[in-house]
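Heads up, the thing below is written out as structure tokens.
The values are calculated or read from the model by the stated rules, or taken from the named source; none is laboratory data. Just so you know, these numbers come straight off a predicted model, no measurement behind them. As a convention, Cβ positions derive from the backbone with ideal geometry for all residues, glycine included, and neighbour counts pool all protein chains shown. Quick note on the areas: whole protein, heavy atoms, side chains included, nothing else; ligands and nucleic acids left out. Shrake-Rupley method; radii C 1.70, N 1.55, O 1.52, S 1.80 Å.
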Amino acid sequence: MFLLAGMTAAIALAMAPASAHGVVEDSFLQPMGPVAAEQSKHLLRVIGITMIVILPVLIGVPLILWRYRYRKPRGAYSPEWEYSEKLEYALWGVPVLIVIVLAGWLWHSTAKLDPYQQLGPDPLQVQAIGLDWKWVFIYPEQGIATVDELAIPVGRPVQLMLTTDTVMQSMLIAPLTGQIYAMPGMSTQLNFSASRAGTAEGENTQFNGSGFGRQKFKVRALDPDEFDRWLDGPDSGLTLDEATYATLRRQSVLADAKSDLGLERSTGPLVMSLGARDVFDRVIGKYHRTGNGENAADAEAWGGIGLPAPAKQESGQ
């Protein structure tokens, strides 16, 4: 029982909100939205039902040692005993029931946490493009784009469309939503929302080269008024156009990309105005070009198809 109490205390401590201390949260045990909260509840349910199997072992082994080894008399010796119908039903029936319950819970949670299912009306539309080694986020309705920062309003659903303009990548924002892959020429979705303000860490979980470990971004869940102020806040003075995108598409971390764009080299996020509302569609469309048509022109303008240009010499982020 002491072990169970210790596990419960550890989980409760891990689930305690950390934003009050200015900590960037990176675990679904500190949920910032309904999707991560459901994942956390699912884990606790699984731990609870598996205790039905684990606790008898933890309690029974010491009890058997005491009863038949250290206590005197040591118990009845029954060499002819080999079968107990009650024990057989317990040993096989309980695990079977647990597997059935776990399968039902998993089925329910999988359907409930469908990443393509909107969480409410009027979701905030955001488009994400994975590059080496950075993330570009586009707000087509607001006319802005950011690099390595995703800001969302608390209480409003978010519909995030993803693709990649390099190798396959995988996005994970653990305190808010689950993981999903992104591939060149294709788009996937993540629907989620934030129920409280805070800062979470997002990352690429699919290895994609030497800058993989630094391809992380901040997700800022802001109160609606603060989110409006963020939208109206200052930017870098750059516009996400063909030339800027070509620089961002190089194999480099954000600090090096900012230096290439003529900005001060730093690890802070990059905010730009949006030169064209269909950047996301053009990046996807260039992988489906045929002949010398419009898609071929877009492919040439937005960096061609295939691996990015050779990496510059990095000095770290």
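Here are Pro140, Pro121: which of them is closer than 29 Å to Asp228 by Cβ and either under 18 Å from the mean Cα position of the chain (by Cα) or touching a residue at least 40 places away in the same chain (Cβ under 8 Å) (or both)? Give the derivation first.
On the way: Pro121 fails: either under 18 Å from the mean Cα position of the chain (by Cα) or touching a residue at least 40 places away in the same chain (Cβ under 8 Å) (or both).
Step by step, each of Pro140, Pro121 is checked, and only Pro140 is closer than 29 Å to Asp228 by Cβ and either under 18 Å from the mean Cα position of the chain (by Cα) or touching a residue at least 40 places away in the same chain (Cβ under 8 Å) (or both).
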### Residue under evaluation Phe212, criteria (1) open to solvent by 10 Å² or more (accessible area, probe 1.4 Å); (2) touching a Lys or Arg at 6+ places or on another chain (Cβ under 8 Å), criterion not met
(2)
### Matching residues, segment 175-207, being open to solvent by 20 Å² or more (accessible area, probe 1.4 Å) and polar (S, T, N, Q)
Gln179, Ser187, Thr188, Gln189, Ser195, Thr199, Thr205, Gln206
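Could you tell me whether Gln117 is part of a loop (DSSP other than H, G, I, E, B) and open to solvent by 10 Å² or more (accessible area, probe 1.4 Å)?
So Gln117 fits the description; yes.
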### Query
Just checking, how many residues over segment 221-256 are crowded, with 21+ Cβ neighbours inside 10 Å and among the charged types (D, E, K, R)?
2
### Task
Could you tell me which of the residues Thr166, Thr177 is assigned to a loop (DSSP other than H, G, I, E, B), among the hydroxyl-bearing types (Ser, Thr, Tyr) and either more than 18 Å from Ser252 (Cα to Cα) or at pLDDT 95 or above (or both)?
Thr177
### Task
For segment 257-305, enumerate the residues that are out of contact with any Pro (no Cβ under 6 Å at 6 or more places or on another chain), open to solvent by 20 Å² or more (accessible area, probe 1.4 Å), part of a helix (DSSP H, G or I) and modelled with pLDDT of 85 or more.
Ser259, Asp260, Asp281, Arg282, Ile284
### Task
Could you tell me whether Ala76 is farther than 30 Å from Asn191 by Cα, over 18 Å from the mean Cα position of the chain (by Cα), part of a helix (DSSP H, G or I) and modelled with pLDDT under 85?
no
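Within segment 129-143, identify whether any single residue is closer than 22 Å to Leu240 by Cβ, in a strand (DSSP E or B) and open to solvent by 10 Å² or more (accessible area, probe 1.4 Å), and answer yes or no.
So far as segment 129-143 goes, no, none of its residues is closer than 22 Å to Leu240 by Cβ, in a strand (DSSP E or B) and open to solvent by 10 Å² or more (accessible area, probe 1.4 Å).
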### Task
Return a yes/no flag: does segment 19-34 have any residue that is modelled with pLDDT of 80 or more and assigned to a helix (DSSP H, G or I).
yes
### Summary
Residues of segment 245-287 being more than 17 Å from Asp148 (Cβ to Cβ), free of Cβ contacts under 8 Å to residues at least 40 places away in the same chain, touching an Asp or Glu at 6+ places or on another chain (Cβ under 8 Å) and not charged (D, E, K, R), in sequence order, are Gly275, Ala276, Gly285
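Which one of Leu91, Leu65 is open to solvent by 100 Å² or more (accessible area, probe 1.4 Å), over 30 Å from Gln206 (Cβ atoms) and out of contact with any Lys or Arg (no Cβ under 7 Å at 6 or more places or on another chain)? Can you show your working first?
Details: Leu65 fails: open to solvent by 100 Å² or more (accessible area, probe 1.4 Å).
The conditions single out Leu91.
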### Query
Out of the residues in segment 178-218 that are among the β-branched types (Val, Ile, Thr) and touching a Ser or Thr at 6+ places or on another chain (Cβ under 7 Å), which is nearest to Pro121 (Cα to Cα)?
Ile180
### Message
Looking at (1) closer than 18 Å to Gln39 by Cβ; (2) open to solvent by less than 30 Å² (accessible area, probe 1.4 Å), which one does Leu172 not meet, given that it meets all the others?
### Response
(2)
